[in-house]
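See below for the structure under consideration.
Please treat every number below as a calculation from the coordinates, not as lab data. Small disclaimer: the values here were computed from a predicted structure and weren't measured. A quick note on method: Cβ atoms are made from the backbone with ideal geometry, for glycine too, and the neighbour counts reach across all protein chains shown.
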Amino acid sequence: MNNLPKHIVSGATVVLNAKNEILLIKGPRRGWEIPGGQVEEGESLKHAAIRETKEESGITVEITKYCGLFQYVNLSICNHLFLAVPIGGELTTSAEA
């Protein structure tokens, strides 16, 4: 029997611009949501959230605050949430959003 953990650790961002507008992406399966995704091996939570935001939206962000953790118990996902501000990039679509 495999005793390895079966949890997914992810990072996500709530990106607020100067007008307090929130950046949302529209994924093909879940609809509108904040950008984020799975932490890769050897990657920090913070860097995963920054990378996923860039990959999914084209926007480069700076993390300003750690907001907390929420869990999808049925899916075994622990998602760490960060507050961020846009610092560059250009809004675009991707295969994920």
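At a glance:
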item	result
Segment 47-97, residues that are among the hydroxyl-bearing types (Ser, Thr, Tyr) and at negative phi	Thr53, Ser57, Thr60, Thr64, Tyr66, Tyr72, Thr92, Thr93, Ser94
Whichever residue in segment 17-34 is out of contact with any strand residue (DSSP E or B) (no Cβ under 8 Å at 6 or more places or on another chain) and of a type in the set (Gly, Ala, Ser) and, among such residues, is surrounded by the fewest Cβ atoms within 10 Å (Cβ to Cβ)	Ala18
Candidate set from segment 50-97 (those that are of a type in the set (A, V, I, L, M) and touching a Pro at 6+ places or on another chain (Cβ under 8 Å)); member that is surrounded by the fewest Cβ atoms within 10 Å (Cβ to Cβ)	Ala97
Sole residue being polar (S, T, N, Q), in contact with a helix residue (DSSP H, G or I) (Cβ under 7 Å, 6 or more places away or on another chain) and within 12 Å of Leu23 (Cβ to Cβ), chosen from Thr53, Thr60	Thr60
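One line per residue, one yes/no per condition, for (1) among the hydrophobic types (A, V, I, L, M, F, W, C); (2) in contact (Cβ under 8 Å) with a residue 12 or more places away in the chain:
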| site | (1), (2) |
| --- | --- |
| Val9 | yes, yes |
| Thr13 | no, yes |
| Asn17 | no, yes |
| Asn20 | no, no |
| Trp32 | yes, no |
| Gly36 | no, yes |
| Glu55 | no, yes |
| Gly58 | no, yes |
